[in-house]
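Worksheet: the structure to be examined is printed underneath.
The values are calculated or read from the model by the stated rules, or taken from the named source; none is laboratory data. Not measured: the values here are computed from a predicted model. A quick note on method: Cβ atoms are made from the backbone with ideal geometry, for glycine too, and the neighbour counts reach across all protein chains shown.
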Amino acid sequence: MEKQFNNPKSILVVRLGAMGDIVHVMPAVINLRMAFPSARISWLVEDKHKDLVECLHGIDEVIVFPRRQWQSSLKYPQKYFKIISEARMFLKKLRDKKYDVALDFHGNFKSGLLTYLSNASTKIGFSKGYCKECNFVFTNFRITPHQKKMHRVDKCLTLLRGLGIEAHYQRPVFSIPDTDRLYIEDFIHQNHLNQKSIALIHPGTSLFGKYKRWPPKNYADLADRLIQELGYSVIFTWSDQEYKIVEEIVSFMRYQATIACKTASVKQLIALSQHAHLFIGGDTGPTHIASCIGIPTVAIFGPKDPVVYAPYNDNAVVVRKDIPCSPCEKRTCDHVTCIQSVTPDDVFNAVCKLKKKFDFSNIA
């Protein structure tokens, strides 16, 4: 194994989703590229998140696991044989690439099975107790992190350090197509936002993470203060089913805010974020993206542990309440006191502290 990993010609990175978790893996993948500049690096990711991986410099190939497509087809029994045929073709193409090394950063049953079925000579993952759903049975080289509770970014870097790679945090650099940049620039121009300080607010989460959402009225009160007291132009970003949330927030406001244009891909969301001077959101993918591209970021946390899941960079601050039941690992909650108890004043004060810090650093 050691001889093969010293000079691998082809490497498979396995992290299927979600958006924030993919962002947390990126620094490790950048280190992987630095360690093996001539290797071919492929990234296996679910179809929903392929655009995000395509943005990262240093990836030679994005391999799409069509989970969303197959999941949708499962509703129709007449399509079962087609799914089976497509799955066989997908796995054949994956095996035919003959990877020297596969690194499973995801650490669950599905990612482990795909890592195993890739037929890579060396299959690397986390040891028992540091992965889920018996993932460790699918790998033949296992790394044990030095502690149980650690930030996801550090855990991913630990996977490389366990292989003898001197890995350190590297900020991702995203490559955005001109068509997406121009689309966003046109939106900024049409709304006369070119010469203003922009605060992006992303109030939504995935449906899976609904319990992490801060109340719409709180976002409205906060946005009014950002406009009235700090002079920001506020833009609310949204995706999929989140548009109604944004409409509700705007209906509560006393001052005028802008609802963002539809961002058809994460590439357009990144392009829009690059125009912002402040980003506010919950524990969700867009918040992690904003922080890692260098925007001063305020993350509103409820049930999740910020030690593990907070935006990683020093340009971010987490706002949360210490209550007996938080943090927790529940997927649903009847009361969500942890997120409900965070007030607009709490978040506004965090914005002021962050603004003061960055205004001072700009002067210095």
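Summed over the stretch 267-309, the residues that are part of a helix (DSSP H, G or I) and over 16 Å from Phe358 (Cα atoms) give a count of 16.
A quick yes/no check of all residues on (1) within 28 Å of Pro311 (Cβ to Cβ); (2) modelled with pLDDT of 95 or more:
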| position | (1), (2) |
| --- | --- |
| Arg33 | yes, yes |
| His57 | yes, no |
| Ser73 | no, no |
| Lys92 | no, yes |
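Within the set of pairs 6+ apart or on separate chains, which have a first residue in the stretch 330-348 that is more than 17 Å from Asp224 (Cβ to Cβ), a second that is in a helix (DSSP H, G or I) and among the hydroxyl-bearing types (Ser, Thr, Tyr), and C-beta atoms under 7 Å apart? Close Cβ pairs satisfying both conditions: Thr332/Tyr211; Cys333/Tyr211; Val336/Tyr211.
The requirement of being without any contact (Cβ under 8 Å) to a residue 12 or more places away in the chain and either among the charged types (D, E, K, R) or farther than 22 Å from Leu226 by Cβ (or both) is satisfied by Pro324.
Taken over the stretch 72-124, the criterion of being acidic (Asp, Glu) and out of contact with any Ser or Thr (no Cβ under 8 Å at 6 or more places or on another chain) is satisfied by Glu86, Asp96. If the condition is being part of a loop (DSSP other than H, G, I, E, B) and of a type in the set (D, E, K, R), then the stretch 201-227 contributes only Arg213. Among the residues of the stretch 228-257, those that are outside any helix (DSSP H, G or I) and either surrounded by fewer than 17 Cβ atoms within 10 Å (Cβ to Cβ) or aliphatic (A, V, I, L, M) (or both) comprise Gly231, Val234, Ile235, Met253, Arg254, Tyr255, Gln256, Ala257. I'd like to check something: does the stretch 37-51 contain any residue that is assigned to a loop (DSSP other than H, G, I, E, B) and under 22 Å from Arg95 (Cα atoms)? Scanning the stretch 37-51 turns up at least one residue that is assigned to a loop (DSSP other than H, G, I, E, B) and under 22 Å from Arg95 (Cα atoms). Checking Thr139, Thr179, Thr158, Thr144 one by one, the residue that is without any contact (Cβ under 8 Å) to a residue 40 or more places away in the chain, closer than 30 Å to Ser111 by Cα and surrounded by fewer than 14 Cβ atoms within 10 Å (Cβ to Cβ) is Thr144 and no other. Of the candidates His192, His146, the single residue that is outside the structural domain of Pro311 (by TED's automatic domain parsing) and outside any helix (DSSP H, G or I) is His146. The residue that is surrounded by the fewest Cβ atoms within 10 Å (Cβ to Cβ), among those in the stretch 21-48 that are in contact with a Lys or Arg (Cβ under 6 Å, 6 or more places away or on another chain) and among the acidic types (Asp, Glu), is Asp47.
Scan the stretch 49-58 and tell me whether some residue there is of a type in the set (A, V, I, L, M), over 21 Å from the mean Cα position of the chain (by Cα) and buried (at least 21 other Cβ atoms within 10 Å of the Cβ). Looking for residues that are of a type in the set (A, V, I, L, M), over 21 Å from the mean Cα position of the chain (by Cα) and buried (at least 21 other Cβ atoms within 10 Å of the Cβ), one finds none in the stretch 49-58, hence no. Can you tell me how many residues in the stretch 149-189 are part of a helix (DSSP H, G or I) and touching a Lys or Arg at 6+ places or on another chain (Cβ under 8 Å)? Total satisfying the criteria: 1.
Residues of the stretch 185-216 that are loosely packed, with under 14 Cβ neighbours inside 10 Å, modelled with pLDDT of 95 or more and under 28 Å from Pro306 (Cα atoms): none at all.
The residue list Cys352, Cys325, Cys333, Cys261 contains one member that is assigned to a helix (DSSP H, G or I), over 20 Å from the mean Cα position of the chain (by Cα) and not basic (Lys, Arg), which is Cys352.
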